[in-house]
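Just below is one structure, and these are the notes that go with it.
No lab work stands behind these numbers, since they all come straight from the coordinates. Predicted model only: the values in this text are computed from it and were never measured. Methodologically, a virtual Cβ is constructed for each residue, glycine included, from the backbone with ideal geometry; neighbour enumeration extends over all protein chains shown.
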Amino acid sequence: MSPAPVTSLWAALCAAWLLWLSVAVIRQRLRARVAIGLGEDRLLLRACRAQGNFVEYAPLALLLILLLELGGTAAWFLHALGAALFLGRVVHALGISREPEQLRLRQAGMLLTFGVLALGAAALLARAL
């Protein structure tokens, strides 16, 4: 049994999504015949940014969830944060990776992700103070 079963669940789901995003980048690279860099291909750029944006936000959000879990935060709150993070990252990636871009999806994804970061940080600060 993991010492942090809730975080383990959401980290595993996020890892699976990162693999999906990575395969999407590889597919776009093969289609565009671009091994390194982006060339001039807009779909490759979008796939790379979807993957990159995930990597920029998900680790810190998962760390916040882990620290809250290790501190004894209620599982329902942790699952709410994990679900919002995962949904936010999926919706954001779907919005940014399309041409034309689905701006509402991208914005909804960022709002969910920012909410997780804000709530997670506030909960940790409240506990620390």
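Remarks
- Pick from the range 1-31, criterion of a type in the set (Gly, Ala, Ser) and free of Cβ contacts under 8 Å to residues at least 12 places away in the same chain, ranking: nearest to Ala58 (Cα to Cα): Ala15
- Candidates are the residues of the range 79-129 that are basic (Lys, Arg) and in a helix (DSSP H, G or I); the one that is farthest from Asp41 (Cα to Cα) is Arg127.
- The condition (being surrounded by 22 or more Cβ atoms within 10 Å (Cβ to Cβ) and not aliphatic (A, V, I, L, M)) is satisfied by just one residue among Gly52, Gly39, Gly71, Gly82: Gly82.
- Residue ID - surrounded by the most Cβ atoms within 10 Å (Cβ to Cβ), chosen from residues in the range 55-64 that are closer than 13 Å to Cys14 by Cα and among the hydrophobic types (A, V, I, L, M, F, W, C): Ala61
- Only listed residue being under 20 Å from Glu56 (Cβ atoms) and surrounded by fewer than 17 Cβ atoms within 10 Å (Cβ to Cβ), chosen from Leu112, Leu87, Leu125, Leu129: Leu87
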